[in-house]
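The values are calculated or read from the model by the stated rules, or taken from the named source; none is laboratory data. A quick note: this is a predicted structure, and the numbers were derived from the prediction, not measured. A quick note on method: Cβ atoms are made from the backbone with ideal geometry, for glycine too, and the neighbour counts reach across all protein chains shown. Accessible surface is based on the protein model in full, side chains and every heavy atom, while ligands, DNA and RNA are left aside. Shrake-Rupley method; radii C 1.70, N 1.55, O 1.52, S 1.80 Å.
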Amino acid sequence: MQAGITNTTTLTVTEKDTAKTYGSGTLDVFATPAMIALMERTAMDSAAPYLAEDEATVGTEINVKHLSATPIGCTVTCQSELTEIDGRKLTFRVTASDSKGIIGEGTHERFIIKKEKFLAKANEKLN
């Protein structure tokens, strides 16, 4: 894996993606949490081909601005670019756009983890 890896994901905004449905607002527009999930998925998917079978990435930080509302029926395109690798830490530049321009932008950090070890540690919280 090396810096410069990019990925693009698109979705058409539906009722399930709205602020009203997410509970993050009262309007039928693309929700900030839905935009963040799309950004995380786009970054995650770009790193996945470079991981061992026992590895995954988990999101650890996101710093984005939601700049413009997008109504139901519009297509949102998300782009990610891996800008830095520091050991197991991956830093991505992420943007989301609709047909009128950029609706969100920022950075997203993910860590490469060993799946079994990560889940074991998480499940310790059940004891």
With Cα springs under 10 Å, the Gaussian network model of the chain assigns the largest mean-square fluctuation among 26, 57, 42 to 26
Residues of segment 51-91 with backbone N under 11 Å of the label point set 7 Å from the Cα of residue 24 along Cα→Cβ are 64-67
Residues meeting the amide H criterion for residue 103 (H placed from the backbone, H to H distance under 5 Å, 5 or more places apart or on another chain) are 96, 97, 98
Taking placed amide H atoms and a strict 5 Å upper bound, the residues 5 or more places from residue 5 or on another chain that come that close are 82
Among 65/115; 20/100; 65/121; 20/125; 65/89; 20/65, the pairs whose Cα-Cα distance exceeds 27 Å are 65/115; 65/121; 20/125
The size of the Cβ-based charge dipole (Lys, Arg +1; Asp, Glu -1) of segment 16-84 about the Cα centre, to the nearest 20 debye, is 540
Heavy-atom accessible area per residue of the chain, all protein chains kept, 1.4 Å probe, expressed in Å², is 60
Highest GNM mean-square fluctuation among 30, 92, 111, for the chain with Cα springs under 10 Å, belongs to 111
Comparing 18, 75, 60 in a Gaussian network model of the chain (Cα, 10 Å), the one with the largest mean-square fluctuation is 60
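Let me spell out the model: positive unit charges on the Cβ of Lys and Arg, negative unit charges on the Cβ of Asp and Glu, origin at the Cα centre of the chain. What dipole size does that give, in debye rounded to 20?
In debye, rounded to 20, the chain gives about 200.
Relative contact order of the chain, please, whole-number percent, based on alpha carbon pairs below 8 angstrom and at least 6 residues apart.
28
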Diffing segment 51-61: the Karplus 3J(HN,Hα) column from phi (6.51, -1.76, 1.60, θ = phi - 60°), in whole Hz with x for Gly and Pro, holds 9, 6, 4, 8, 10, 8, 10, 10, x, 10, 7
Diffusion coefficient in µm²/s returned for segment 75-117 by Stokes-Einstein, Kirkwood Rh over C-alpha pairs, 4 °C and 1.567 mPa s, is 110
Helix 32-47 sits off the longest principal axis of the Cα atoms of the chain, rounded to the nearest 10 on a 0 to 90 degree scale, by 40
